[in-house]
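Questions regarding the structure given below will be posed in turn.
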């Protein structure tokens, strides 16, 4: 009697035009732990190649949706995608060799690759859906689930992949149930373990500066390597002590993400505006991650921020002077403010670390504005009676306007360029900025970002004692 696998020998694609969809269906059933047998898979080199091409297409579409049309093709991402091919073939060989079914190698390889495809992009689709869950209560639940995925998604993917593929191959080869443990061990060793040891970048479409050679060349140039510490020290030394007799405002701006110019442009504008209108000349400093500024401006890192805060804390009168800290970058679901410049390894900047940094500096009176997605997650950690905190988005919402060509994010334009040019009050400017932000978001069909504010009971009176801004 022939086995089911022998009844469905590898068939050229031209003879089975819907074989590809049959194989995807088999991968879907395997990912859902449903039965898969020999008749569920049409194995051939053409089918394997089609699954590889399908994965590349899905990855490109995902990257394009996240980046937009102003991105560039990233050829090095093909290496990450094609790494699946040798690993799947190795795992298929290991399974068929262990169970002495060499004739099933092609069928097992196609099934493993189809299952991997469904799991990888199924998880990606789920993350997309979590960003668009309706209703406040449901959105809060989806945000918590998104945080769990951010922390444990990689582990969940590997466990899901190994268990689903092990069960599917046992059923495909018509083995007895005790073989499940052996198949799981083989796949964990040959399919999952390599992914824990190898960094895989599958990005095929990205913002121009993310993979631009200029960024690497500028940052890794020998003179820049030695120049950066000197830049920071010279900028810190140029800061002036608080003038006697009247309160002063200090400004520290941080542009965290090197891949898009908008954060650098925004921080430069705000610093110039504060020097001109709020008298921070000699009391202002910016830290910028961008290849265009590494020879002129200190880079933004947790260490450079702490040194800057400490220096400002030494120079200012802690009872009457005020620090205005502006942070502009991307943000993540786990409320991490992005500090990124090519391959540099920065410490993580989250709300708790920022609070500890400020406390260590001794700075008492604080105005902190965080322009980033999910920046509302910073408010609770930064609350004090002497602090004003303003964020561009709620803790579970994204903010918008981070295109490389833009001079401002939606929040930055509405708050700094528009609102603060109409009022001297940082608090009133927040109220004035909200309609402009909402209007831009509605025009683009975006969900409202819900900016947030916290006003400590002492900070408003402290701000009113600052010298009147210039027109």
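Which value in nm describes the separation of the simple spin-label points at residue 154 and residue 345, placed 7 Å from the Cα toward the beta carbon?
Going from the residue 154 label point to the residue 345 one covers 1.3 nm.
Right, next: Place the peptides 369-381, 54-66 in order of packing, highest mean first, counting for every residue the other Cβ atoms within 10 Å and averaging per peptide.
369-381, 54-66
Using the alpha-carbon centroid of each, what span in Å lies between segment 37-106 and segment 219-297?
If we compute the Cα centre of each part, the gap is 47 Å.
I would also like to ask the following. Just the projected area, averaged over all directions, of the convex hull on the alpha carbon atoms of segment 314-471: how many nm²?
Projected area, direction-averaged: 10.3 nm².
Oh, and also: Say each of residue 97 and residue 126 gets a label point 7 Å from the Cα, pointing the same way as Cα to Cβ; how far apart are those two points in nm?
3.3 nm
Let me ask something additional. Quick one: length gained pulling residue 224 to residue 423 fully straight, 0.36 nm per residue minus the C-alpha distance?
Length gained between residue 224 and residue 423: 67.6 nm.
Run the quick spin-label model on residue 356 and residue 34: label points 7 Å from Cα toward the beta carbon, then report their separation in nm to one decimal.
The two pseudo-label positions are separated by 4.9 nm.
Name the residues of segment 453-471 whose amide N is less than 12 Å from a point 7 angstrom out from the Cα of residue 385 along the C-beta direction?
Residues 456-459 qualify, since their backbone N sits under 12 Å from the label point.
What is the P(r) of segment 228-269, as percent of Cα-Cα pairs per 5 Å bin from 0?
P(r) for segment 228-269, in whole percents per bin: 5, 17, 16, 20, 21, 12, 6, 2, 1.
Which FRET efficiency, nearest 0.05, do residue 296 and residue 105 yield, Cβ-Cβ r, R0 41 Å?
Computed FRET efficiency for residue 296 and residue 105: 0.10.
Taking the chain on its own, what percent of its Cα-Cα pair distances exceed 27 Å?
61 percent
A further question on this structure: Cut-off is 10 Å between beta-carbons; in what order do 108, 348, 224, 118 appear when sorted fewest neighbours first?
Least crowded to most crowded, the residues run 348, 224, 118, 108.
Over all alpha-carbon pairs of segment 210-464, lay out the pair-distance distribution in 5 Å bins, whole %, shortest bin first.
It works out to 1, 6, 14, 19, 21, 18, 12, 6, 3, 1, 0, in whole percents.
Values quoted throughout were computed directly from the atomic coordinates according to the rules given, and no laboratory measurement underlies them. Keep in mind the model is a prediction, meaning the values are calculated, not measured. Backbone-built Cβ (ideal geometry, glycine too); neighbour counts: all protein chains shown.
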